[in-house]
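The values are calculated or read from the model by the stated rules, or taken from the named source; none is laboratory data. Small disclaimer: the values here were computed from a predicted structure and weren't measured. In this analysis, Cβ positions are derived from the backbone assuming ideal geometry, glycine residues included, and neighbour counts consider all displayed protein chains.
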Amino acid sequence: MKNQKKKFDAISLECSKKTTKVYSTSFSLAIKLLSKEYQNSIYSIYGFVRLADEIVDSFHDYDKGKLLNEFRYSTIDALEKNISLNPIINSFQNVIKKYNIEWALIDNFLESMEYDLSNHNCDEKAYKEYIQGSAEAVGLMCLQIFTHNKKGSYQQLKKHAESLGAAFQKINFLRDMNEDYSTLNRVYFPNLDIKKFNNDEKKIIEKDIAKDFEDGLIGIRMLDKNAQRGVYLAYRYYMSLFRKIQKMDAHNILEKRVRISNLKKMLILISSQIAIRIKMI
């Protein structure tokens, strides 16, 4: 029986890997730079959060609330039974059990997804709570894996991991600002009238992101080498997006999604690994 479960677990993991590769070439590349002991677990985390995100962002022809509710209770059920017939959830629950990741982080993440279904504009409180659930909580799940859930290491790096996750999410908010508003009628930045979005408001947001990046980099420097290479690549990729955004006019942000070319991604990959090797981060 255990051998049969192992086969299903292997299939489940492949589903998580495939999901990551299809939805994010950048994160797939970053995960490959992690040591073998971390790769599969991070694939499983990403597959889970991506599936939830797709429910609220993409499945417009279906009852999103019902689907997300089913997803939540399927996750709870899987954690109780140590198995799910949904391969993505099954792969995820294996990692949660292996590293004893706290339910509060999963709950915070799912609550942020639920928020997307019923709210379209954020005040300051909602904005912070949404980032905490949608980005910081995911970063902390990964941190529990990287630290093997050792409390001392985890607490030392927690604040930095939260900052890095927040920086990534705020970059995503800027990149997707037009689509979020035009397609989903969402505005994440608090008290922002998107029709009047200007360079002064953009600079305030950028200053906030810069602080998050600065704090996040401190944490990356403290990671062990087995995790550092992959996380630093993700940092460099998002920093490259940030620098590109900084050079743009606010009006242009609303017209096209900022992207990094495949050639630029490859250059970032090479330069980031050289920087780590010669201890220049």
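So, in the stretch 98-119, exactly how many residues are under 17 Å from the mean Cα position of the chain (by Cα) and not in a helix (DSSP H, G or I)? Residues in the stretch 98-119 being under 17 Å from the mean Cα position of the chain (by Cα) and not in a helix (DSSP H, G or I): 1 in total. Once the stretch 25-37 is narrowed to residues that are surrounded by fewer than 19 Cβ atoms within 10 Å (Cβ to Cβ) and touching a helix residue (DSSP H, G or I) at 6+ places or on another chain (Cβ under 6 Å), the residue that is modelled with the lowest pLDDT is S26.
Cβ-Cβ distances below 6 Å connect the following pairs, each with a first residue in the stretch 1-30 that is over 17 Å from D53 (Cα atoms), a second residue that is small (G, A, S), and a separation of six or more residues or different chains: S12/S91; L13/S91; A30/G230; A30/A234. Only one entry in K211, K196 is loosely packed, with under 14 Cβ neighbours inside 10 Å, under 19 Å from E124 (Cβ atoms), over 23 Å from the mean Cα position of the chain (by Cα) and modelled with pLDDT of 90 or more, namely K196. All of K170, K125, K150 fail the test of being within 25 Å of I55 (Cβ to Cβ), of a type outside the set (D, E) and without any contact (Cβ under 8 Å) to a residue 12 or more places away in the chain, apart from K125. Among residues belonging to the stretch 171-193 that are outside any helix (DSSP H, G or I) and more than 19 Å from the chain's Cα centre (by Cα), point out the one that is modelled with the lowest pLDDT. Top of the filtered list is N185.
Restricting attention to the stretch 120-145, the residues that are surrounded by 21 or more Cβ atoms within 10 Å (Cβ to Cβ) and outside any helix (DSSP H, G or I) add up to 1.
Checking each residue of the stretch 129-143 against the condition of being within 25 Å of Q228 (Cβ to Cβ) and over 19 Å from the mean Cα position of the chain (by Cα) gives no match. Of the residues making up the stretch 159-173, those that are crowded, with 18+ Cβ neighbours inside 10 Å and either of a type in the set (F, W, Y) or over 18 Å from N119 (Cα atoms) (or both) are H160, A161, E162, S163, L164, G165, A166, A167, F168, I171, F173. Quick one: is L79 in a helix (DSSP H, G or I) and closer than 24 Å to F8 by Cβ? Yes: the conditions hold for L79.
Looking only at the stretch 1-59, filter to residues that are part of a helix (DSSP H, G or I) and among the aromatic types (F, W, Y); which one of those is farthest from Y99 (Cα to Cα)? The selected residue is Y23. Pairs, please: C-beta under 7 Å, at least 6 apart or cross-chain, first residue more than 20 Å from T183 (Cβ to Cβ) and exposed (fewer than 15 other Cβ atoms within 10 Å of the Cβ) and in the stretch 232-257, second aromatic (F, W, Y) and at pLDDT 95 or above? Cβ pairs passing all conditions: none.
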